[in-house]
Structure formats: structure tokens, C-alpha cells
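**Student:** The structure follows.
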Amino acid sequence: MILQFYLKGLLISALFVLFIGGLYAFTYLVRNTKKPWSERRNHIFDLILVAILTVPILSFAVLGVLVIMRIRGL
């Protein structure tokens, strides 16, 4: 049961981070067209690394919320 909640939390957090990261990367690339490509690429790589580190942490937070909702019957 906990594994099922963890996988749901992992999916929810991955989709959330992908959406927010993609939105941020798109706005960054659109606004900073005059910067060199290598600097923009490095910024995008930093964004990807932060997203990779954020997804598992956020999934445990979502896991906690899902467990509490299950206990309360929501």
C-alpha cells in the first residue's frame, strides 16, 4: 500500500517538476536570446540537475499528503 502511494507521489511530483521546469526553461530561453548559447545551455543543465534532486524529495511530501488523505477517508 505504501509503495502504491509512493509511486503515485513520484508520478505527481515528476509531472509537477517537469511542468514548472519546462515553463521556467521556456521563459528563460525566450527572455535571454542575446546571451551566448553555452551560457544558456549551462543554465538549462543546472535546471535539470535541480529537477532531478527535487523530484524524490517532493514525492515523499506528496506521499505524506496521500497517506493522510487515505486515513481521513478523503
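**Student:** Kindly express, to the nearest 10 degrees and within the range 0 to 90, the angle between helix 2-31's C-alpha long axis and the longest C-alpha principal axis of the chain.
**Tutor:** It is inclined by approximately 20 degrees.
**Student:** According to the Kirkwood expression over distinct Cα-Cα pairs, how big is the hydrodynamic radius of the chain, in Å?
**Tutor:** Computed over Cα pairs of the chain, the Kirkwood hydrodynamic radius comes out at 13.8 Å.
**Student:** Then there's this: Could you order the peptides 51-59, 66-74 from most to least packed, using the average number of other C-beta atoms within 10 Å per residue?
**Tutor:** On the way: 51-59: 15.2, 66-74: 10.2.
Highest mean packing first, the order is 51-59, 66-74.
**Student:** List the residues of the range 41-74 whose backbone N lies under 20 Å from a point placed 7 Å from the Cα of Ile2 along the Cα-to-Cβ direction.
**Tutor:** 56-73
None of the figures in this text is laboratory data; all of them are computed from the coordinates on show. Remember, it's a predicted structure, so these values are computed and weren't measured experimentally. All Cβ positions, even for glycine, are placed from backbone atoms using ideal geometry, and neighbour counts span all protein chains on display.
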